[in-house]
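For reference, the structure is listed below as structure tokens.
The values are calculated or read from the model by the stated rules, or taken from the named source; none is laboratory data. Bear in mind the structure is a predicted one, so any value in this text is a computation, not a measurement. As a convention, Cβ positions derive from the backbone with ideal geometry for all residues, glycine included, and neighbour counts pool all protein chains shown.
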Amino acid sequence: MLGLKLATDPRWVNIAEKTIEEILVDHAFCEQKAATTGISLIVRFSNYTEIVEKVSPIVAEEWGHFRKVLKELNKRGYNLGKPRKDEYVLELQKGLKKGGSIEHQLIEALLLCAMIEARSCERFRLLSLHVSDEKLKDFYHEFMVSEAGHYRLFIDLAKNYADEEYVKQRWQEFLAYEADLMGRMEYRGDRVH
């Protein structure tokens, strides 16, 4: 369903489990960044009514996710700590086509959001299936379902602002770029991406 060209090795969960505190902290910051990105989309593309209407609930949901992960951190006696750079997202941004019309910029921004949601969904699925902590299995299953919905929404929104064939072609190019990026990045057990 997600179309990712390079799957995460399921053994990533074994690495992540050893540093579950770091995964939870990184996850919290990912949710905070997702809410912030949604707000930025709304501000940047405020004349697009559908963007404002469809992304606003995602902002609220992502902020709710941040609070939920923060609650899980607190329950386990962990602290949020300092934010960290998301090297995956920074590298993904380099694969965006710059310039062009405002609609072109909007499509690129939506595809970036879709890609981040797709990879998060895939990683949360792995955690929901393979992490040994039963409570975290349920916890991550819920996030997986949500991220899948967000991924789909961003793809569908992009198709509203350009020819569907163009969006499909651009998505395939971006998937190939992301696969190459994933092939070059080391598996880190302290990061969601």
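Here are a few things to note about the model shown:
- Of all residues in the stretch 73-97, those being assigned to a helix (DSSP H, G or I) and either closer than 27 Å to Glu178 by Cβ or touching a Lys or Arg at 6+ places or on another chain (Cβ under 9 Å) (or both) number 7.
Let's see how each residue does on (1) farther than 21 Å from Met185 by Cβ; (2) surrounded by fewer than 19 Cβ atoms within 10 Å (Cβ to Cβ); (3) more than 13 Å from the chain's Cα centre (by Cα):
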{"site": "Lys85", "(1), (2), (3)": "no, yes, yes"}
{"site": "Leu106", "(1), (2), (3)": "yes, no, yes"}
{"site": "Lys135", "(1), (2), (3)": "yes, yes, yes"}
{"site": "Gly149", "(1), (2), (3)": "yes, yes, no"}
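- Pair list, Cβ < 8 Å and 6+ apart or interchain, from the stretch 1-19 residues that are over 20 Å from Arg152 (Cβ atoms) to residues that are β-branched (Val, Ile, Thr) and in a helix (DSSP H, G or I): Ala16/Ile23
- Pairs where the first residue, in the stretch 47-76, is within 25 Å of Glu103 (Cα to Cα) and at pLDDT 95 or above and the second is assigned to a loop (DSSP other than H, G, I, E, B) and among the aromatic types (Phe, Trp, Tyr), C-beta under 9 Å, 6+ apart: Tyr48/Tyr161; Glu50/Tyr161; Ile51/Phe45; Ile51/Tyr161; Val52/Phe45; Val55/Phe45
- Within the option set Leu41, Leu73, being aliphatic (A, V, I, L, M) and closer than 21 Å to Phe174 by Cα holds for one residue only, Leu41.
Results for (1) under 25 Å from Ala7 (Cβ atoms); (2) in contact with a Phe, Trp or Tyr (Cβ under 8 Å, 6 or more places away or on another chain), shown as yes or no for each residue.
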residue	(1), (2)
Arg84	yes, yes
Gly95	yes, yes
Gln105	no, no
Leu129	yes, no
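- Within the option set Ile15, Ile23, being closer than 19 Å to Leu127 by Cα, aliphatic (A, V, I, L, M) and within 15 Å of the chain's Cα centre (by Cα) holds for one residue only, Ile23.
- Residues of the stretch 40-54 satisfying the condition of being surrounded by fewer than 16 Cβ atoms within 10 Å (Cβ to Cβ) and either under 14 Å from Leu126 (Cα atoms) or of a type in the set (A, V, I, L, M, F, W, C) (or both): Val43, Val52
- The set of residues in the stretch 109-133 being part of a helix (DSSP H, G or I) and either touching a Cys at 6+ places or on another chain (Cβ under 9 Å) or surrounded by fewer than 16 Cβ atoms within 10 Å (Cβ to Cβ) (or both) consists of Ile116, Ser120, Leu129.
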